[in-house]
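Here the structure comes first, spelled out in structure tokens, and everything after it is commentary.
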Amino acid sequence: MTTLLGGTFNPPHNGHVALARAAEERFGDEVVVLVSARPGHKDPALDAETRFELARAAFPDREVELDPYERTVDTLAADGWRDPLFVIGADEFCDFLTWKDPEGVLARARLAVATRPGYPWERLQSVLDRLSQPERVQFFEIEPLHVSSEEIRERVARGEPIDGLVPPAVAELIDARGLYRLEGT
């Protein structure tokens, strides 16, 4: 079994690292990190190679790959993993029906949905109820980490510290390369 964690990683943060660790502990398989080169739903601030390098710094002991496909279903169709487990957060799962071909995603992969204590089950159930294969979705609980890539980019742009929000190697790369800074700062 292969466990996959995909994303833009703009930048990768401690929440991403904790999610990968929790998935490995829960499902017993090392996570492969997929950095979306051209995410179909976002216009990242950094080019794919820089985000890939940041992800490699955040996940030094895991396989990190650059994913050339815009949509998850295309990634899963092209790469030939045998019954992979695709890890997403509860908020992403609530938007799952808006993804390109969600049923095609479920035909090619099982979903591992990370929830946090107190997350409203009815939001998750409303998505499950609309899937033809709800048994292909597994839920697991993680401790919440209140951090987002957007918050990190904003903090860096304002010149504020990001210690404790990203792995130290990621903070060092961001600082050394002047990433996410506003012009003239």
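The values are calculated or read from the model by the stated rules, or taken from the named source; none is laboratory data. Since the structure is predicted, the reported quantities are computational estimates derived from the model, not experimental observations. Note that each Cβ is placed from the backbone with ideal geometry, even for glycine, and that neighbours are counted across all protein chains shown.
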Looking at this structure, is residue 82 out of contact with any Gly (no Cβ under 8 Å at 6 or more places or on another chain), surrounded by 12 or more Cβ atoms within 10 Å (Cβ to Cβ) and not small (Gly, Ala, Ser)?
-> no
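Looking only at the stretch 18-71, count every residue that is of a type in the set (D, E, K, R) and not in a loop (DSSP other than H, G, I, E, B) and tell me the total.
10
Residue by residue through the stretch 108-153, note down the ones that are part of a loop (DSSP other than H, G, I, E, B), of a type in the set (S, T, N, Q) and closer than 21 Å to residue 21 by Cβ. Before the answer, list the steps.
To start, the set of residues in the stretch 108-153 that are part of a loop (DSSP other than H, G, I, E, B) comprises 109, 116-120, 129-133, 142-148.
From what's left, of a type in the set (S, T, N, Q): 132-133, 148.
Hit for the stretch 108-153 is 148, nothing else.
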Residue pairs qualifying under the 8 Å Cβ cut-off, at least six apart or on distinct chains, with the first in the stretch 33-55 being closer than 19 Å to residue 152 by Cα and the second being surrounded by fewer than 20 Cβ atoms within 10 Å (Cβ to Cβ) and modelled with pLDDT under 80, are none
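Please tell me if residue 163 is out of contact with any strand residue (DSSP E or B) (no Cβ under 7 Å at 6 or more places or on another chain), more than 19 Å from residue 5 (Cβ to Cβ) and acidic (Asp, Glu).
Details: out of contact with any strand residue (DSSP E or B) (no Cβ under 7 Å at 6 or more places or on another chain): yes; more than 19 Å from residue 5 (Cβ to Cβ): yes; acidic (Asp, Glu): yes.
Taking the combined requirement at face value, the residue satisfies it.
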Scanning the stretch 72-91 for residues that are assigned to a helix (DSSP H, G or I) and touching a residue at least 12 places away in the same chain (Cβ under 8 Å) gives 72, 73, 74, 75, 76, 77, 90
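So, in the stretch 140-185, how many residues would count as being of a type in the set (A, V, I, L, M, F, W, C) and touching a residue at least 40 places away in the same chain (Cβ under 8 Å)?
Restricting attention to the stretch 140-185, the residues satisfying the condition of being of a type in the set (A, V, I, L, M, F, W, C) are 140, 142, 145, 147, 152, 156-157, 162, 165-166, 169-171, 173-174, 176, 179, 182.
Filter again for touching a residue at least 40 places away in the same chain (Cβ under 8 Å), leaving 140, 142, 145, 147, 152, 165-166, 169-170, 173-174, 179.
So the answer is 12.
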